[in-house]
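In what follows, a structure is listed as structure tokens, so that the remarks can point back to it.
What follows is calculated from the coordinates using simple rules that are stated; it is not laboratory data. All values reported here derive from a predicted model rather than from experimental measurement.
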């Protein structure tokens with residue numbers, strides 16, 4: 001872990017008032033993608049939504065094909081936490097979507113200096129699987145997902 | 001060689017459950033499936049175990065004969081039988097490669113190969129069983145010499161790939177090693193001098209009509225003058241070498257790109273395997289198994305060299321990580337998936 005924060009002064013936004021979903025999209029299997037907004041940023045005690053890393057437009061679900069595309073916007077162009085954020089998103093989604101759904105995670109176009117490299121890592125499932133078996137990385141991911149600081 | 005036409009069916013023979021996590025890879029024991037010896041294959045999984053499956057000769061059904069556990073401490077990514085079928089090598093994310101021997105029905109771990117800095121992703125035996133190769137995320141390829149008493153000596157650590165190495169595969173007849181990588185290239189390695197002077201003798205990269213994303217696997221035809229590679233770039237590429245120059249043995253005949261099969265897959269292709277009869281099977285992240293054969297009909301210049309024989313949609317519920325044709329008498333194909341199952345298929349001509 002680096003000693004200094006990658007982005008010491010993030011811009012923090014107010015949490016959006018969430019509109020409760022009234023339509024039952026896909027019965028019991030329904031995942032509420034809104035849950036991913038509560039994932040904490042790896043560096044600060046704010047959620048990804050508050051840091052504008054994620055927004056409602058970030059998620060595209062194709063129920064027919066069973067495919068999901070998530071795009072997120074790291075707070076700064078050289079964010080080295082981008083892959084950690086991506087991993088958090090994968091872990092969170094794994095438990096909420098049916099297992100056969102295929103999830104692609106990318107940084108929003110133009111939002112990161114190493115966009116291609118980050119996207120490639122995040123979508124190489126062998127790299128993702130190995131990363132999540134790494135205890136240190138796993139701990140970091142769990143902290144982002146389950147901490148109740150908010 | 002039989003001329004396959006579209007009158008073929010890939011019939012699901014059996015679904016094997018048992019692993020509690022995704023099945024990454026499987027390998028048929030090459031010494032089985034003939035002369036009354038029941039078919040055996042090994043599978044390896046994210047559940048950290050390896051399972052040995054054997055076909056019951058009377059019922060025809062496969063059952064799990066052994067579970068090799070409590071050895072690897074992380075995902076077992078790849079497995080490979082020695083050519084004699086007596087030893088099984090298993091490569092793991094725990095950075096080790098284990099060697100197992102069948103001792104009177106029980107599989108014992110007789111050796112553990114250490115050295116890689118992190119996840120080992122693939123293991124391969126050469127044609128004579130005298131050499132073993134491994135590769136991993138540390139970007140290196142290791143060559144091990146098999147010595148008496150199940151001792152393994154590392155004879156070379158090959159650097160060259162600039163990223164994670166996904167698979168290694170020995171040429172079917174010569175001691176030439178091929179590796180494919182996250183760096184989008186395929187490298188060819190040979191022993192240049194008299195003793196253990198292994199070097200990269202060719203790189204098949206983007207500039208040689210190579211892949212534009214991670215290359216996941218490669219497979220040779222029986223004679224070893226052609227190979228298919230598969231990639232995250234959604235294509236299969238066919239490469240060939242000059243077989244006459246190759247057989248003369250004196251000089252290395254370079255490989256060159258022959259054709260690219262594009263437009264058939266819409267997600268990463270994880271596995272490709274060439275059967276001894278010339279059918280190429282692919283397993284992909286779109287849950288489909290595809291079979292390709294040489295296109296004998298189109299003799300027009302520029303016509304496709306290979307055509308799709310059949311596409312099995314929803315072969316599994318999730319990504320297919322490995323497809324392997326069986327050795328021996330039958331036309332069987334085994335597939336391994338993220339859904340935790342293995343399926344055995346039979347190719348039938350209609």
* Length-normalised contact order of the stretch B:193-350 in % [C-alpha pairs under 8 Å, at least 6 apart] -> 14
* Asked: In the Gaussian network model of chain B, springs joining C-alpha atoms below 10 Å, which of B:45, B:78, B:207 carries the largest mean-square fluctuation?
  -> B:207
* Asked: At what distance in angstrom do the alpha carbon centres of the stretch B:213-236 and the stretch A:84-130 lie from each other?
  -> 26
* **Choice from B:200, B:44, B:180 with maximal GNM fluctuation in chain B (Cα, 10 Å cutoff)** => B:200
* **Computed [θ] at 222 nm, helices only, for chain B once each DSSP H run of length n ≥ 4 contributes -39500 (n - 2.57)** => -500 deg cm²/dmol
* Find the relative contact order for the stretch B:1-128 and round it to a whole percent, using C-alpha pairs within less than 8 Å whose residues are 6+ positions apart. => 18
* Structure fact -> Candidates B:274, B:81, B:198; GNM for chain B (alpha-carbon contacts under 10 Å) flags as most fluctuating B:198
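If contacts are Cα pairs under 8 angstrom and at least 6 residues apart, what is the relative contact order of the stretch B:160-265 in percent?
Computed value for the stretch B:160-265: 19 percent relative contact order.
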* Enter the per residue convex hull volume of the stretch B:163-321, computed from alpha-carbon coordinates, in Å³ rounded to the nearest integer. => 120
